[in-house]
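Beneath this line is the structure, given in structure tokens, with notes to follow.
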Amino acid sequence: MLVVQNLHARVGDKDILKGVNLEIPEGEIHVVMGPNGVGKSTMGHVLLGHKSYEQTAGRIILDGTDITDFDTAQRAKAGLFLAFQYPVSIPGLRVSEYLRNLYCLRHNVQVGVAEFRKIVREKLDMLNIDRSALSRYLNDGFSGGEMKRLEMLQLALIKPKVAILDEIDSGVDVDAQKTVAEVITRLRETDGTSFVIITHYQRLLNFVKPDKVHVVLDGRVTRSGDMSLVQALEREGYDWVRQMGETASASASL
Ligand SMILES: Nc1ncnc2c1ncn2[C@@H]1O[C@H](COP(=O)(O)OP(=O)(O)OP(=O)(O)O)[C@@H](O)[C@H]1O
Ligand SMILES: [Mg+2]
């Protein structure tokens, strides 16, 4: 279970997160939606302890352990995972080496090159990733959809406790969307993995059934509900939530 309490963060002198509260119980799938630039990706980065962001308040608790003061590697080892909206390319770092290091860190084992290839092959086939990808440099020259598939490969290998998937459904074809949904559903069922799925689109949500939907506006979660909230957003747009927020605070102040 991931608990996020009153999370505030800034870049330079710009406040981006202004009090995010979330509770993601084990095995639940939560969706985070919201207009461009409201802080969804920033939330993912801050939860993983990215150094570019300064956390100014709040606590992050994973399965009862307060990980607020953990660095990124410690958070990953504890079971947090972030699939990037914009995966970073690292020329010079081979995909196979990168994945093997992640695997060893997370599972606290030492696995040799040959053994790791066996582990990774079945997952490559499932995700329809060409085996030659292993000997290429990380995300270097990969297409947009290929990079997203590599993020999913990491997810399948690492088996985190909580996975934050930032726009994993953007730029991937319809077949890959179904595979993404299959990986999510399987991990949830076999390992009790919890998911925070950041998305702009309803499509993926037809394949994975979310337990809760949250709307982020201006650096905090302003509304939560079930799938009917997604349908209402498709119909009405975000102004509808903004107005509701104002109405709610107006009536609260009466
Ligand atoms: N490293 C940074 N330096 C400067 N500004 C930043 C940085 N990271 C984020 N921001 C700003 O913080 C705001 C929130 O950005 P963020 O990427 O979290 O938005 P988002 O909700 O994920 O949007 P989108 O739906 O477009 O992906 C934006 O105005 C962005 O320009
Ligand atoms: Mg984003």
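Could you check how many percent of all C-alpha pairs in the chain are farther apart than 32 Å? That fraction is 21 percent.
Counting lysine pairs in region 1-139 whose alpha carbons fall under 27 angstrom apart, excluding pairs fewer than 8 residues apart on the same chain, gives 9. Our note on the geometry: Cα centres of region 1-41 and region 139-185, 21 Å apart.
A Gaussian network model of the chain, with springs between Cα atoms under 10 Å, assigns the largest mean-square fluctuation among His30, His200, His50 to His50. You can think of it this way: the chain between Ile90 and His50 has 12.7 nm of extra reach, that is 0.36 nm per residue less the Cα-Cα gap. The fraction of accessible area contributed by carbon and sulfur in the chain is 48 percent, rounded to a whole number (1.4 Å probe; ligands and nucleic acids excluded). If you wrap the Cα atoms of region 71-204 in a convex hull and average its projected area over all directions, you get 7.8 nm².
At a threshold of 8 angstrom on Cα-Cα distance, excluding pairs fewer than six apart, so keeping six or more, what relative contact order does the chain reach in percent? Relative CO of the chain lands at 27 percent. Treating the angle as unsigned and between 0 and 90°, give the value, to the nearest 10°, between the Cα long axis of helix 174-191 and the longest Cα principal axis of the chain. Approximately 90 degrees, to the nearest 10. Protein heavy-atom accessible surface, 1.4 Å probe, per residue over the chain: 48 Å².
Within the chain, antiparallel bridges make up roughly 60 percent of the DSSP beta bridges whose residues both belong there. The trypsin sites (Lys or Arg not before Pro) found in region 12-66 that occupy coil by DSSP, while having at most 12 further C-beta atoms within 10 Å, are Lys51. Solvent-accessible surface of protein heavy atoms, probed at 1.4 angstrom with all chains present, puts Asp166, Asp66, Asp13, Asp239 in the order Asp13, Asp239, Asp66, Asp166, largest first.
The values are calculated or read from the model by the stated rules, or taken from the named source; none is laboratory data. Here the structure is a predicted model, which is why all the values come from computation and not from measurement. When we count neighbours, we look across all protein chains shown, and the Cβ atoms used for this are built from the backbone with ideal geometry, even at glycine. In case anyone asks, the SASA skips ligands and DNA or RNA and just uses the protein heavy atoms, side chains included. Shrake-Rupley method; radii C 1.70, N 1.55, O 1.52, S 1.80 Å.
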